[in-house]
Amino acid sequence: MATRTFGDVTVTTPDLEEPGLYLSSVDTLDSSRGIVQDFAYGEADLRSLDLADAQLITGRINGVRSKRVEFETLNLHGVEISGSDLGSARWSESKLTRVTIRDTKLMGSAMDGLVLDDVLFENCKLDFATFEKVRATGPVVFSGCVLTEATFTDCDLTDVVFSGCTLRLTEFGAGRYRDADLRGNDLSAIRGVANLSKIRITHAQQADLAEALVADLDLDVSDD
């Protein structure tokens with residue numbers, strides 16, 4: 001079983017190199033049965049990528065570039081997505097289990113109603129992305145991701161780890177963030193500081209949060 005550890009959290013990742021596993025190359029992720037399993041799909045330039053009421057189980061998606069992406073009730077288990085540009089994807093009402101998304105652009109994407117369990121976002125571009133009603137039911141890590149002006153609304157990010165991420169003007173709206181680990185990030189330009197009750201930070205980051213709170217409250221700070 002493949003794992004990665006970030007701070008106190010260990011994520012179980014897809015083990016696509018295990019002995020006896022063979023991934024068959026496929027030309028499409030569509031299936032009449034609604035299930036694609038033990039697959040490898042990639043190096044595709046698409047006008048649109050629409051998937052609904054489908055399951056992707058044990059597979060690799062690499063080098064996919066699509067101008068329009070619509071995922072609805074698309075459940076992933078044991079899947080790695082890498083080196084792709086999924087643009088402003090619309091991804092709703094889906095469950096991701098043992099999923100790694102690496103070196104992938106999801107700029108301006110809208111993720112609504114996702115359930116995440118053992119999910120790793122690594123070196124992803126998530127600028128301007130919106131996360132609404134996203135719920136972490138198991139280990140979830142954002143590592144080395146750019147989340148400039150991304151927004152979290154009504155999410156449950158309990159125990160989620162942000163490691164070495166760019167969080168400039170990232171907005172944490174109302175939600176649950178208990179024990180979310182934000183150590184190792186510059187927090188001076190985040191938004192929604194008042195919502196981040198019971199998160200984990202270092203002593204050095206207290207000044208960052210104070211700076212962010214001043215900006216949040218639009219305070220006029222002077223020397224007199």
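Does residue 10 satisfy being in contact with a Lys or Arg (Cβ under 8 Å, 6 or more places away or on another chain) and either exposed (fewer than 13 other Cβ atoms within 10 Å of the Cβ) or β-branched (Val, Ile, Thr) (or both)? In short, yes. With respect to (1) surrounded by 14 or more Cβ atoms within 10 Å (Cβ to Cβ); (2) farther than 25 Å from residue 135 by Cβ, the lone exception for residue 105 is condition (2). Can you tell me how many residues in the range 81-98 are crowded, with 21+ Cβ neighbours inside 10 Å and in a strand (DSSP E or B)? Summing the residues that are crowded, with 21+ Cβ neighbours inside 10 Å and in a strand (DSSP E or B) in the range 81-98 gives 4.
Criterion applied to 143, 188 was being touching a residue at least 60 places away in the same chain (Cβ under 8 Å), closer than 28 Å to residue 88 by Cα and among the polar types (S, T, N, Q), and the one residue passing it is 143.
The condition of being in contact (Cβ under 8 Å) with a residue 12 or more places away in the chain and out of contact with any Leu (no Cβ under 6 Å at 6 or more places or on another chain) holds for only one of 99, 115, that being 115.
Among the strands (runs of 3 or more DSSP E) confined to the range 129-224, the ones with at least 2 residues that are open to solvent by less than 20 Å² (accessible area, probe 1.4 Å) are located at 140-143, 161-163.
Taking the range 99-122, which residues are closer than 18 Å to residue 165 by Cα, part of a loop (DSSP other than H, G, I, E, B) and touching a strand residue (DSSP E or B) at 6+ places or on another chain (Cβ under 6 Å)? Step through it out loud before you land on a result.
First pass over the range 99-122, keeping only residues closer than 18 Å to residue 165 by Cα: 100-109, 119-122.
Within this subset, residues satisfying the condition of being part of a loop (DSSP other than H, G, I, E, B) are 103-104, 106-109.
Result: 103, 104, 107.
Count of the range 15-53 residues, restricted to those that are in a strand (DSSP E or B) and more than 25 Å from the chain's Cα centre (by Cα), is 2. The set of residues in the range 28-44 that are of a type in the set (S, T, N, Q), touching a strand residue (DSSP E or B) at 6+ places or on another chain (Cβ under 8 Å), open to solvent by 50 Å² or more (accessible area, probe 1.4 Å) and more than 11 Å from residue 60 (Cα to Cα) contains only 28.
Tally the residues that are touching a residue at least 60 places away in the same chain (Cβ under 8 Å) and basic (Lys, Arg), restricting the search to the range 154-183. Number satisfying all stated conditions: 1.
The values are calculated or read from the model by the stated rules, or taken from the named source; none is laboratory data. Nothing here was measured: the structure is a model prediction, and the numbers come from that model. Using ideal geometry, Cβ is built from the backbone for each residue, glycine included, and neighbour counts are taken over all protein chains shown. Areas reflect the complete protein model, heavy atoms only, side chains present, ligands, DNA and RNA absent. Shrake-Rupley method; radii C 1.70, N 1.55, O 1.52, S 1.80 Å.
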